[in-house]
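The values are calculated or read from the model by the stated rules, or taken from the named source; none is laboratory data. Note that the coordinates shown come from a computational prediction; the quantities given were computed from them, not determined experimentally. A quick note on method: Cβ atoms are made from the backbone with ideal geometry, for glycine too, and the neighbour counts reach across all protein chains shown.
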Amino acid sequence: MAELDVGDKQVRRVCKTIGAERVAERDAAVLAYQARPLTERKAVPEGVLAPAVAAVGVDGGRLQIFERLAKGQEAAQAKVSEPEEIQDDVALPEPAAEAKKPMHWREDKIGLLMTMTSECHSADPCPEIPASFVNPHWIPELARELNKRAPPKETSADKSTEQPAPVPKEASTEWQSPEVATKHLVATRRPWEQFGPMVAAAAWSLGFFGAARKAFLGDGAGNNWTLWRNYFSSFVPILDFIHALTYVFHSALAGRSFAEGWLVYNRWIRWVWLGEMERVIAELAQRQAELGTLPADAKETSPAKVVSRALGYLQENKERMRYADYRRQGLPIVSSYVESAVKQFNYRVKGTEKFWRETGAEEILQLRADYLSDGNPLSQFWQRRQASESGQPRHRTAA
């Protein structure tokens, strides 16, 4: 618009410089937060108004890291640079022949902090499951989409010659999820041990620990709940309903025809919607007994293995699946918010021909987080930067 010719190299240099300054600011804020007494870390900062509803979600994305190594370092690097295993709690493990992944793919960590608006209710405002969750044509596709590998073909509704059970008329209720008021994002390439304090520091600065209603959303990945336990234990832990649905769907159809399995799925998912997990777990345990002892060499897609995996998943997460109570409190029950945020980061950093160095990745992730966050954090940064200018050129100290 200013009719200026700005070269790509100049853009890269500016992004690197400003990104590095924003990373340094973030790290300083995290250190300052960690130095505070515990009582202050769980309080609301002076001048900050705590939101009525605060929700935090974390997840991981992917990008490619490529570091140029000096001669003689390649062998040492090969021993320590195996690809990180990105936890996907609904993905089936790959066969041994396909297990090796490209060495450049790494995980980035994304944290989403939302203020929300919703109402509390004296009872569950939506006791009947929405029709979309008992749609025999959509649910198989949703379950397959959340898996890296498709389930056995006979579980697909559109390829079955049998007619699926009709959707009951009473299942037409529409559930109104809480509305997002503001969102703030945190992103890094650093380990989960360092990511946790970053998310906690951001939540503290926004007054989240003083919110009347607080929720922490996640899928079944262990890192999510370790982070919750260490930094957000006062938040209500909520397992993403869609991930739970996927396990219930696959286990209901395991070893059954679609028509028979769909009836079981309908019964189980209604119990899950109401948070009556003990009933689902009891029938799953009975189904596992019917299928017999799980062989040591059982395939990942075998009915016994699918049921065993689902049973363990639901038993591990049952205390985070009281969905009727969460709806009564006006809390979210899906983690699609943070999964959408991960995709927004992927649009910028992920690609088969996009490679980053560790420092460059950290800088661009921070800038992307600023860009996607509400409240114009970059505008505030520019004002602070201008106010701190001394007229002397900036010099970066050697690492």
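Just name the residue that is farthest from ALA341 (Cα to Cα) out of those in the stretch 201-221 that are over 17 Å from the mean Cα position of the chain (by Cα) and in a loop (DSSP other than H, G, I, E, B).
Ranking the candidates gives ALA212 first.
Name the one entry in LEU314, LEU365, LEU331, LEU372 that is among the hydrophobic types (A, V, I, L, M, F, W, C), more than 24 Å from GLY61 (Cα to Cα) and in contact with a helix residue (DSSP H, G or I) (Cβ under 8 Å, 6 or more places away or on another chain).
None of the other options fit; the residue is LEU314.
Per-residue answers, yes or no, for (1) aromatic (Phe, Trp, Tyr); (2) assigned by TED's automatic domain parsing to the domain that holds ALA252:
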residue: ALA304; (1), (2): no, yes
residue: GLY312; (1), (2): no, yes
residue: TYR323; (1), (2): yes, yes
residue: GLN329; (1), (2): no, yes
residue: VAL342; (1), (2): no, no
residue: PHE345; (1), (2): yes, no
residue: ILE364; (1), (2): no, no
residue: ALA369; (1), (2): no, no
residue: LEU378; (1), (2): no, no
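Of all the residues that make up the stretch 5-31, how many are part of a helix (DSSP H, G or I) and out of contact with any helix residue (DSSP H, G or I) (no Cβ under 8 Å at 6 or more places or on another chain)?
Of the residues in that region, 12 qualify.
Pick from ALA70, ALA2, ALA55: which is outside any loop (DSSP other than H, G, I, E, B) and either among the hydrophobic types (A, V, I, L, M, F, W, C) or at pLDDT 95 or above (or both)?
Only one candidate passes the filter, namely ALA55.
Within the group SER336, SER251, which residue is within 24 Å of the chain's Cα centre (by Cα), in contact (Cβ under 8 Å) with a residue 24 or more places away in the chain and under 25 Å from LEU112 (Cα atoms)?
None of the others qualify; the one that does is SER336.
Are any residues in the stretch 42-52 surrounded by fewer than 18 Cβ atoms within 10 Å (Cβ to Cβ), touching a residue at least 12 places away in the same chain (Cβ under 8 Å) and either in a strand (DSSP E or B) or not aliphatic (A, V, I, L, M) (or both), and if so, which ones?
LYS42, PRO45
Spot the failing condition for ASP158; the list is (1) assigned by TED's automatic domain parsing to the domain that holds ARG322; (2) at pLDDT 85 or above; (3) more than 29 Å from ARG229 (Cβ to Cβ), and only one is missed.
Every condition holds for ASP158 apart from (2).
Could you tell me which numbered condition MET198 fails, if it satisfies all but one of (1) part of a helix (DSSP H, G or I); (2) modelled with pLDDT under 85?
Tallying (1) part of a helix (DSSP H, G or I); (2) modelled with pLDDT under 85, MET198 fails exactly one: (2).
For the condition under 27 Å from ALA324 (Cβ atoms), small (Gly, Ala, Ser), surrounded by fewer than 18 Cβ atoms within 10 Å (Cβ to Cβ) and in contact with a Phe, Trp or Tyr (Cβ under 9 Å, 6 or more places away or on another chain), what is the one hit in SER205, SER234?
SER234
Could you please give the count of residues in the stretch 277-292 that are out of contact with any Leu (no Cβ under 8 Å at 6 or more places or on another chain), surrounded by 13 or more Cβ atoms within 10 Å (Cβ to Cβ) and either over 22 Å from ARG320 (Cβ atoms) or in contact (Cβ under 8 Å) with a residue 40 or more places away in the chain (or both)?
The total comes to 2.
Under 7 Å between Cβ atoms, at least 6 apart or on separate chains: pull out the pairs that start in the stretch 358-387 with a residue that is under 20 Å from ARG190 (Cα atoms) and end on any residue that is in a loop (DSSP other than H, G, I, E, B).
Filtered contacts from the stretch 358-387: GLU358/GLU67; GLU358/ARG189; ALA361/ARG189; GLU362/ARG189; LEU365/ARG189.
Of all residues in the stretch 351-383, which are closer than 28 Å to THR115 by Cβ, of a type in the set (Asp, Glu) and either modelled with pLDDT under 90 or not in a helix (DSSP H, G or I) (or both)?
Residue satisfying the conditions is ASP374 alone.
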